[in-house]
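**Student:** Below you'll find the structure I mean.
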Amino acid sequence: MSIPEPARFDPDTTPDWLVEAEEEERKREALENRRRRARAAGQAQQVNHHLASLGITPAWPATADGRWVSPALLAYGNIEEGTYAVWADYRDDHGVVLRVGGDGEGRGAEFAGELRTVADVVRARREGPVARPRRESNWRRQAEEEAGRSLGDLSPDTAALCHGLRGLTAALLARSGQQMEVATGTEVDLDCEFLPGDLTPGGLVSIGLTAGPGRSLYAVNADMDVAAVRRVKFQRDHVWPHLPLTADGALDRSHPHVLGYADIRRRVEEFFAGLGDDVTLWVYSGAQDVIRLHTLWRNDWSVMPDFVPEWADDLSRLRRAAGGVKLPQHAGRHHHALDDAEHQRQARAYLRGLLG
């Protein structure tokens, strides 16, 4: 059997077989994207038809945002009354469902049960997320069983003794690990106000950071896109009034909290630089908040200082572990970045007390 001579390729020419394969893959991806968009459009339509059948007129209807459903807003929340914003969404395993909380477009909203009657909306708005039972993990049971087997039949053999001690240690850690995490170092709470989808310097409205009394940073972006912020109803109604304003309602650029984007980056660097190496960053349904923080350095970790946290823990995790309970009442200005960060800090202490 003769071995063919290796092909000689022109580096500037793609082989015909690869061109055909890539074209087939593009067709497959385009077909899949069309299917997903059609599916999302159908699900959004189901949400809106279901709302109409219940006599519910949403503040804005569900829509298909590309391949995903953008939920329908049913009611705004009121922090002073302790109520949640309520959204109608679609889930394959439940059909039309309710979600509560989240940002101005429903991102981060938590599951609050199926939507069968208007009474479900009332309940969700008052009670919030559905409490999830805390499940015992398999690894905990396995560790306890291993400890029981090992310590029940110890012999002078050193290997058996070590095996038993390892099992007992794992069991004890499993028990205590479900209680409460022990905080080490410095815990920092972050909250940002921003224009959704705008990751340019003009998209940041304000940032709040707090590591406890006397260690806080609040900055309002002098380079924000003011016209865009004031065009968005949510921003205009809930965020803009809490910013430093002049008597005629314009942004007060002489206020010490109003800083240029580059100055905000410098102040944030100084804030984290003064906290030491062991820092835990906390947010509340705050993936976007972390992105806004990192966008100060164009999301380039190679230029972002090492002392700025690259990831954050989320208060939503503690809240879920506590059964989805209501958070303590917000004592400050809701959607004021620093007040929200401080409320987040107080809420974490409250949840840890419940989990303690």
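The values are calculated or read from the model by the stated rules, or taken from the named source; none is laboratory data. Everything quoted here is computed from the prediction, not taken from an experiment. Glycine gets a Cβ as well: all are built from the backbone with ideal geometry, and neighbour counts include every protein chain shown. Only protein heavy atoms, including side chains, enter the accessible area calculation; ligands, DNA and RNA are left aside. Shrake-Rupley method; radii C 1.70, N 1.55, O 1.52, S 1.80 Å.
**Student:** For Glu187, which sequence-distant residues (separation of 5 or more, or a different chain) have an amide H within less than 5 Å of its own amide H, given hydrogens modelled in the peptide plane?
**Tutor:** Thr280
**Student:** Follow-up question, since we're still on this one. If you stretched the chain out fully between Glu114 and Ala41, how much longer would it get, using 0.36 nm times the residue separation minus the C-alpha to C-alpha distance?
**Tutor:** Gain on extension, Glu114 to Ala41, equals 24.3 nm.
**Student:** Let me ask something else. Quick check for me: using +1 on Lys/Arg Cβ and -1 on Asp/Glu Cβ, what's the dipole size of region 303-356 about its Cα centre, in debye to the nearest 20?
**Tutor:** 400
**Student:** In Å and whole numbers, how far do the C-alpha atoms of region 59-125 stretch along each principal axis, longest first?
**Tutor:** 36, 24, 18
**Student:** Label point 7 Å out from Ala287 along Cα-to-Cβ: which residues of region 33-73 have amide N under 15 Å?
**Tutor:** Answer for this model: 67-71.
**Student:** Moving on. Work from the charge dipole of region 47-116 (Cβ charges, +1 for Lys and Arg, -1 for Asp and Glu, about the Cα centre) and give the residue of Val100, Ala85, Pro71 farthest towards its positive end.
**Tutor:** It is Pro71.
**Student:** In region 207-356, carbon and sulfur make up what percent of the accessible area (probe 1.4 Å)?
**Tutor:** 51
**Student:** What ranking do 241-247, 119-125 get when scored by the average of other Cβ atoms within 10 Å per residue, highest first?
**Tutor:** Ranking, from highest mean packing down: 119-125, 241-247.
**Student:** Here's a follow-up. For a Förster distance of 35 Å, can you work out the FRET efficiency between the beta-carbons of His257 and Arg91, rounded to the nearest 0.05?
**Tutor:** That gives a FRET efficiency of 0.25.
**Student:** Further question on the same structure: So for region 202-356, what percent of the C-alpha to C-alpha distances run longer than 29 Å? Mind showing how you got there, number by number?
**Tutor:** Numbers: 2476 of 11935 pairs.
Percent of Cα pairs beyond 29 Å in region 202-356: 21.
**Student:** If the chain between Arg266 and Asp198 were fully stretched, how many nm would it gain, using 0.36 nm times the residue separation less the Cα-Cα distance?
**Tutor:** 22.4 nm
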